[in-house]
Amino acid sequence: MNSQLKTLLTNAKLNFAVLAAILVIAVAGKFINPELTNSIFVAADQLVSDLYLVFIAISLGAFVPHFKTVLLGAIGVFVAAVIAVQLNVFNYLTTGYLFSILIVTLGFASIANLYRHYREIGL
């Protein structure tokens, strides 16, 4: 295997782990609870057309040097928002919708960060 490709794979392990986790959630969700999984991914598909969320996610992935910070921050905000929904602070949000936002944000941030690694090694 090419040394530059090995460098890319070692630098972007967390990015591939996030993308693989999204894929595992989709596949496992289809077997465990297909209705919920379908509603979450339909909401995520609709969120992709909201360009401000996509731009924020791409900016986080491309410009924050440590992707672990983006990952932990997104999960932390998700947990805080879910707690706020459960405490009826936000009456118009659901946990499924928040999970859709998390999937879209982490997916686009991961791909942008992966591209950043790709450009750094000059493949």
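The values are calculated or read from the model by the stated rules, or taken from the named source; none is laboratory data. Because the structure is a prediction, the values reported are computed rather than measured. Because the Cβ atoms are built from the backbone with ideal geometry, glycine has one as well, and the counts that use them run over all protein chains shown. Each accessible area value is taken on the protein alone, full model and side chains, heavy atoms only, with ligands, DNA and RNA left out. Shrake-Rupley method; radii C 1.70, N 1.55, O 1.52, S 1.80 Å.
Yes or no: Val77 open to solvent by 60 Å² or more (accessible area, probe 1.4 Å), assigned to a loop (DSSP other than H, G, I, E, B), hydrophobic (A, V, I, L, M, F, W, C) and under 27 Å from Leu36 (Cβ atoms)?
On the way: open to solvent by 60 Å² or more (accessible area, probe 1.4 Å): yes; assigned to a loop (DSSP other than H, G, I, E, B): no; hydrophobic (A, V, I, L, M, F, W, C): yes; under 27 Å from Leu36 (Cβ atoms): yes.
No: the conditions fail for Val77.
The set of residues in the range 44-56 being within 21 Å of Gly73 (Cα to Cα) and part of a helix (DSSP H, G or I) consists of Ala44, Leu47, Leu51, Tyr52, Leu53, Val54, Phe55, Ile56. So is Tyr115 of a type in the set (Ser, Thr, Tyr), assigned to a helix (DSSP H, G or I) and either open to solvent by 90 Å² or more (accessible area, probe 1.4 Å) or at pLDDT below 95 (or both) or not? So Tyr115 passes the test.
Selection of the range 33-49 for residues being among the acidic types (Asp, Glu) and either surrounded by 14 or more Cβ atoms within 10 Å (Cβ to Cβ) or under 15 Å from the mean Cα position of the chain (by Cα) (or both) yields only Asp45. Filtering the range 81-104 to residues that are farther than 16 Å from Phe41 by Cα and open to solvent by 60 Å² or more (accessible area, probe 1.4 Å) leaves Ile83, Gln86, Leu87, Asn88, Val89, Phe90, Asn91, Tyr92.
The numbered conditions (1) open to solvent by 70 Å² or more (accessible area, probe 1.4 Å); (2) closer than 30 Å to Thr10 by Cβ are all true for Ala57 except (1). Within the range 74-93, identify whether any single residue is at pLDDT 95 or above, within 12 Å of the chain's Cα centre (by Cα) and aromatic (Phe, Trp, Tyr), and answer yes or no. Yes, because at least one residue in the range 74-93 is at pLDDT 95 or above, within 12 Å of the chain's Cα centre (by Cα) and aromatic (Phe, Trp, Tyr). The set of residues from the range 7-19 being open to solvent by less than 70 Å² (accessible area, probe 1.4 Å), within 18 Å of the chain's Cα centre (by Cα) and touching a residue at least 24 places away in the same chain (Cβ under 8 Å) comprises Ala12, Leu14, Asn15, Val18, Leu19. For the range 20-32, the criterion of being open to solvent by 50 Å² or more (accessible area, probe 1.4 Å), more than 22 Å from Ile111 (Cα to Cα) and among the aromatic types (Phe, Trp, Tyr) is met by at least one residue.
A quick yes/no check of all residues on (1) touching a residue at least 60 places away in the same chain (Cβ under 8 Å); (2) outside any helix (DSSP H, G or I); (3) out of contact with any strand residue (DSSP E or B) (no Cβ under 7 Å at 6 or more places or on another chain):
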| site | (1), (2), (3) |
| --- | --- |
| Leu5 | yes, no, yes |
| Ala26 | no, no, yes |
| Val42 | no, no, yes |
| Ala62 | no, no, yes |
| Val70 | no, no, yes |
| Val85 | no, no, yes |
| Tyr92 | no, yes, yes |
